[in-house]
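Presented below is the structure to which this report refers.
The values are calculated or read from the model by the stated rules, or taken from the named source; none is laboratory data. If you're wondering where the values come from, they're calculated on a predicted model, not measured in any experiment. All Cβ positions, even for glycine, are placed from backbone atoms using ideal geometry, and neighbour counts span all protein chains on display.
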Amino acid sequence: MGEYYDMQGNPIDMQEWVVLFGKKERIIKQETLPNGKFVSTVYLGLDHSFGMGGPLIFETMVFPKKGDGHDIDIKRYATLEEAKEGHKRMVEKYYPLDKDLRNKIINILASGIKLLNAVAVRNKLQTKIITYGPKLGEIDGFIVGLEPEVFELADKLIILFEQEIKNA
């Protein structure tokens, strides 16, 4: 330990590391799971391999809850890509969704999106809901031109979604 690396794994000096470590981009992803566990993946920039292989400069930690300093799991990575994939695996490990629940959630989201689009078309609004991704973790969406009627429906959909997660 003691060697410094940039986010691409290139050796750097301590002054460069201090600058990189101070940037918000060092936080790769952090999220609180519905069960309260907090998953954090960050750029460390310091080699945490302890001389056992190539430099490990990214880390994912799982905590019982946000702000709790006692981790319950930890994994380190050499590359940004490994860190992003490792974060997904930790989320799946600590908040697994069974296949039936996953399908139920996807159906709720799909129904809600159809409803929002139907309201937008019926009211000749400029709103469009865009989604993509074959897996629950890859579903993404955004709303363009959010009119009040659509916002209210989207809010109701989010509440329904949260209730389904709690009931799982």
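Restricting to the stretch 39-50, give me the number of residues that are surrounded by 14 or more Cβ atoms within 10 Å (Cβ to Cβ) and either in a loop (DSSP other than H, G, I, E, B) or under 11 Å from the mean Cα position of the chain (by Cα) (or both).
8
I need the full set of residues from the stretch 1-38 which are free of Cβ contacts under 8 Å to residues at least 40 places away in the same chain, touching a Lys or Arg at 6+ places or on another chain (Cβ under 9 Å) and assigned to a strand (DSSP E or B), in order please.
30, 32, 38
Looking at 85, 59, 81, can you tell me which residue is out of contact with any strand residue (DSSP E or B) (no Cβ under 9 Å at 6 or more places or on another chain), modelled with pLDDT of 85 or more and not hydrophobic (A, V, I, L, M, F, W, C)?
Selected residue: 81, the only one of 85, 59, 81 that is out of contact with any strand residue (DSSP E or B) (no Cβ under 9 Å at 6 or more places or on another chain), modelled with pLDDT of 85 or more and not hydrophobic (A, V, I, L, M, F, W, C).
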